[in-house]
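Heads up: the structure comes next, in structure tokens.
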Amino acid sequence: MVLHTGTKILEVGVGTGLNATLYPRDCEVTGIDFSASMLEKARERMLRKGLGHIRLLQMDAADLRFADGSFDVVYAPYLISVVPTR
């Protein structure tokens, strides 16, 4: 997939932000995670790496608070391994 300038990306289950350096700096990236402690580690990583193009929000993936069509790409690389089955 080619990501163009201004592509809006949502990473669901961002955790500690391991993928953060992979996103082009000219894209608008939002990372969400349920865990406040994981997000704190991600924030520290973003500061260390100078990744100001990524915003981090605490949010439940089962209850997203974004309008439909807010993102061009939704990426959830690790989510399936931590979501409880019902």
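Quick look at the values:
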item	result
Pair list, Cβ < 6 Å and 6+ apart or interchain, from region 6-27 residues that are over 15 Å from residue 48 (Cβ atoms) to residues that are open to solvent by 20 Å² or more (accessible area, probe 1.4 Å) and small (Gly, Ala, Ser)	12/61; 12/76; 13/76
Among the candidates 7, 21, 30, residue that is polar (S, T, N, Q) and under 10 Å from the mean Cα position of the chain (by Cα)	30
Some residue of region 53-76 being free of Cβ contacts under 8 Å to residues at least 12 places away in the same chain, acidic (Asp, Glu) and part of a loop (DSSP other than H, G, I, E, B)	yes
Positions within region 58-77 being in contact with a helix residue (DSSP H, G or I) (Cβ under 9 Å, 6 or more places away or on another chain) and open to solvent by less than 40 Å² (accessible area, probe 1.4 Å), in sequence order	none
Search result, residues across region 10-57 that are closer than 23 Å to residue 69 by Cβ and open to solvent by 80 Å² or more (accessible area, probe 1.4 Å)	28, 55
Tally of residues being in contact with a Cys (Cβ under 7 Å, 6 or more places away or on another chain) and either outside any loop (DSSP other than H, G, I, E, B) or polar (S, T, N, Q) (or both) across region 1-48	2
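The values are calculated or read from the model by the stated rules, or taken from the named source; none is laboratory data. Just so we're clear, the structure is a prediction, and the values are computed from it rather than from any experiment. Counting neighbours? That spans all protein chains shown, and the Cβs are built from the backbone with ideal geometry, glycine included. With ligands, DNA and RNA removed, areas are computed over all heavy atoms of the protein, side chains included. Shrake-Rupley method; radii C 1.70, N 1.55, O 1.52, S 1.80 Å.
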